[in-house]
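Visitor: Structure incoming, see below.
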Amino acid sequence: MTFDTLHQGISFYENYARVFGFDTRLYSTKKSESDGKISLKYCVCNKEGFRETPRLQSNSKKKRSITRTGCNARITLKLIND
């Protein structure tokens, strides 16, 4: 698919995820070396990847539960110059 802006691509994937019952987060961004503009953006399922040990919340001694399960749902948004 082709989108006019990066924001439209991200909104599309967030709506798609909502319909199919999962949440998203922005994972990584790559900028082009020549002009510094965003050339690649990954939007992944919020359960993508793994966390080895639960982190402590900043103001509490309560451990956070592990929510990452290795989900592979993702979209890659790439800038194409016409």
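Visitor: Write out, first by first residue and then by second, each pair whose Cβ atoms fall under 9 Å of each other, whose residues are 6+ apart or on separate chains, and whose first residue, in the stretch 35-46, is under 18 Å from TYR13 (Cβ atoms) and in contact (Cβ under 8 Å) with a residue 24 or more places away in the chain while the second is outside any loop (DSSP other than H, G, I, E, B) and among the acidic types (Asp, Glu).
Guide: Short answer, once both residue conditions are applied: CYS43/GLU14.
Visitor: If you scan the stretch 36-82, which residues turn out to be among the basic types (Lys, Arg), modelled with pLDDT under 80 and either at positive phi or not in a loop (DSSP other than H, G, I, E, B) (or both)?
Guide: Selection gives LYS63 alone.
Visitor: Same structure again: Could you give me the residue pairs with C-beta distances under 7 Å whose first residue belongs to the stretch 55-82 and is under 18 Å from THR29 (Cα atoms), whose second residue is in a loop (DSSP other than H, G, I, E, B) and at pLDDT 85 or above wherever it lies, and which are 6+ apart or on separate chains?
Guide: Filtered contacts from the stretch 55-82: ALA73/PHE22.
Visitor: Here is a follow-up. Under 9 Å between Cβ atoms, which residue pairs at least 6 apart in sequence (or on different chains) link something in the stretch 5-19 that is surrounded by fewer than 16 Cβ atoms within 10 Å (Cβ to Cβ) with a partner that is among the aromatic types (Phe, Trp, Tyr)?
Guide: So the pair list comes out as SER11/PHE3; PHE12/PHE3.
Visitor: Could you look through the stretch 15-30, keep only residues that are outside any loop (DSSP other than H, G, I, E, B) and closer than 12 Å to ALA73 by Cβ, and pick out the one that is modelled with the lowest pLDDT?
Guide: Among them, the one singled out is TYR27.
Visitor: If you don't mind, there's one more thing I want to ask. Return yes when GLU33 is at pLDDT below 90, assigned to a loop (DSSP other than H, G, I, E, B) and under 13 Å from the mean Cα position of the chain (by Cα) and no when it is not.
Guide: no
The values are calculated or read from the model by the stated rules, or taken from the named source; none is laboratory data. This is a predicted model, so every value here is computed, not measured. Cβ atoms come from the backbone with ideal geometry, glycine included; neighbour counts cover every protein chain shown.
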